[in-house]
Amino acid sequence: MAIWLLLLFLHLFSSSAVTTAKNIRHGFPSSIVQPEQRILGSKTGHELYEEKFFTQILDHFNYNPQSYETFQQRYLINDNYWGGGADKNAPIFVYTGNEGDIEWFAQNTGFMFETAPIFKALLLFIEHRYYGKSMPFGGSKERAYANSSTLGYLSATQALADYATLILDLKKNLTAIDSPVVVFGGSYGGMLAAWFRLKYPHVAVGALASSAPILNFDNITSPFSFNNIITHDFRSESENCYKVIKRSWQEIDDTAAKPGGLEILRKSFRICKNYISGEALKGWLGTAYTYTAMTDYPTPTNFLAPLPAYPVKQMCKAIDDPKTGNNTFEKLYGAANVYYNYTGDATCFDLADDSDPHGLGGWTWQACTEMILLTDGNTEDSIFPPNNYSYNDRFVFCKDNYNIEPRPTWIPTQFGAHNIYRVLKRFGSNIIFFNGLRDPWSGGGVLKDISKSLVAIVAKEGAHHVDLRFSTSEDPKWLEDVRNREVRIISKWLSQYYRTLAHSSDYYNN
């Protein structure tokens, strides 16, 4: 899904100021609404998954006394379609949880629910440690988030070890040791799915990594790539739309500097009475453009916010509306309404809203330690104000807030990213990398095949992990083709596994 995030959007408008806490912390904007679709199972009144908990160790990689502390890790399970194990050709499909409440991701990952009957698969959605209900230190978020000492156990490597431990224990308890596991994930969850297959190939036979920017680290991907794609999304819809947005940042600054200018901005954008500043307004608009580009889906959605099909097109339609004449702010207000108020229910907008309904707060820590994703550079042609990427902004923010220094080279060191096409060809296998080119994160994704089993599926019109969404009767053919291809590839992985399992059984029996 999500998502992710995932999650990672840095301040667009400050070339020298430190990145704000709000923008680092939230992977998604504060206007997140309820999950898109409440999944109901075949039994009346019961959801399609059951909530369970697993006693998980705090630290998989050290042996000091505190490492042996435990916490309750949440997972969601669905056995409605499960055939019962490897001897019945029944796999286990696992979603590698993102930076938030696992129910939100489960309820927006329809592809797994829709393919489970095809494969007779057991479905498992595992919540990432330090998110949702999976809180170490007695289940208390306040204690878990208290300081860098308690947050120090929040990392991708610990999360992957959690998943491996839980999966192997569950297979044992279900008497399903030989059942093949396929992992799925979108955004940060997609990164985790790919890394899980690479780090735990004995646990998962394959991975579908959707919109996973695993190359967005350590200058492997240009820091200008993310916003260049957003620029292209809007500019390809309308040159006028692009120009209006591009010149608007200076107009906002000029207006904010005038006597009474903030009140003009408040009225123009229908901002609630409690808070207004030029920088906050620009951040609010930038968030709308960024997340609309990410979720430029071909069908209506309620994932981040209620949105129409092709919302970038609808934003530009509002900006190009001749009824607004030369009134730039009225044009921008119409565009922002597509993202923030498509239902028409809002009477004003709260720029100070810092709510976190899906528990994404732990991402601030991750973005200050190992998740140093390069996204906030802007060229002269960018739809956003020109700005060079500054690692120092991140460094200062993290030092001030946690008294720690980020480790921008650790993820490529741990999981491999430099020269990935050459390196993975030697030892990797069975990963699908999906990317939609309208998604800003696609610039850091794997966009070409690495080998016959390390496959890149690229959709020119695709947005952020659109392949994992629920299918609809309005889906374009290219999206149906993407999902059908993914099903065929997964089917091939499983067939190969079952053949190998049968041959190995003959070998040991003889």
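Odds and ends about this structure:
- Tyr200 being of a type in the set (Ser, Thr, Tyr) and assigned by the TED database to the domain that holds Phe71: yes
- In the range 241-259, the residues that are within 10 Å of Thr328 (Cβ to Cβ) reach residues that are β-branched (Val, Ile, Thr) and not in a helix (DSSP H, G or I) with C-beta atoms within less than 9 angstrom, at least six apart or across chains, in these pairs: Ile245/Ile383.
- Flag for Ser42 being modelled with pLDDT under 95 and either under 29 Å from Trp441 (Cβ atoms) or in the same structural domain as Tyr289 (by the TED database) (or both): no
- The strands (runs of 3 or more DSSP E) found wholly in the range 51-135 and carrying at least 2 residues that are in contact with a helix residue (DSSP H, G or I) (Cβ under 9 Å, 6 or more places away or on another chain) and under 24 Å from Asp475 (Cβ atoms) occupy 92-96, 122-126.
- Residues within the range 318-334 that are of a type outside the set (S, T, N, Q) and in contact (Cβ under 8 Å) with a residue 24 or more places away in the chain, tallied: 7
- Of all the listed residues (Thr409, Thr364, Thr369), the sole one being closer than 30 Å to Glu142 by Cα, in contact with a His (Cβ under 9 Å, 6 or more places away or on another chain) and surrounded by 14 or more Cβ atoms within 10 Å (Cβ to Cβ) is Thr364.
- Scanning the range 183-192 turns up no residue that is in contact with a helix residue (DSSP H, G or I) (Cβ under 6 Å, 6 or more places away or on another chain), over 24 Å from Lys52 (Cα atoms), part of a helix (DSSP H, G or I) and modelled with pLDDT of 95 or more.
For (1) within 27 Å of Ala346 (Cβ to Cβ); (2) part of a helix (DSSP H, G or I); (3) under 20 Å from the mean Cα position of the chain (by Cα), each residue gets a yes or a no:
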residue: Ala204; (1), (2), (3): no, no, no
residue: Pro223; (1), (2), (3): no, no, yes
residue: Phe234; (1), (2), (3): yes, yes, no
residue: Thr255; (1), (2), (3): yes, yes, no
residue: Tyr291; (1), (2), (3): yes, yes, yes
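- Leu281 passes every criterion in (1) of a type outside the set (Ser, Thr, Tyr); (2) part of a loop (DSSP other than H, G, I, E, B); (3) crowded, with 17+ Cβ neighbours inside 10 Å apart from (2).
- Any chance Asn430 is within 16 Å of Asn216 (Cβ to Cβ), at pLDDT 90 or above and assigned by the TED database to the domain that holds Leu154: no
- Residue in the range 484-491 that is polar (S, T, N, Q), in contact (Cβ under 8 Å) with a residue 24 or more places away in the chain and either outside the structural domain of His202 (by the TED database) or assigned to a helix (DSSP H, G or I) (or both) present: yes
- Residue that is nearest to Arg129 (Cα to Cα), among those in the range 335-364 that are assigned to a helix (DSSP H, G or I) and in contact (Cβ under 8 Å) with a residue 40 or more places away in the chain: Trp363
- The set of residues from the range 157-178 being of a type in the set (Gly, Ala, Ser) and more than 28 Å from Gln414 (Cβ to Cβ) comprises just one member, Ala176.
- Considering residues of the range 309-320 that are closer than 16 Å to Asn341 by Cβ and of a type outside the set (S, T, N, Q) only, the residue surrounded by the fewest Cβ atoms within 10 Å (Cβ to Cβ): Lys317
The values are calculated or read from the model by the stated rules, or taken from the named source; none is laboratory data. On a predicted model such as this, the values are computed, not experimentally measured, just so you know. Because the Cβ atoms are built from the backbone with ideal geometry, glycine has one as well, and the counts that use them run over all protein chains shown.
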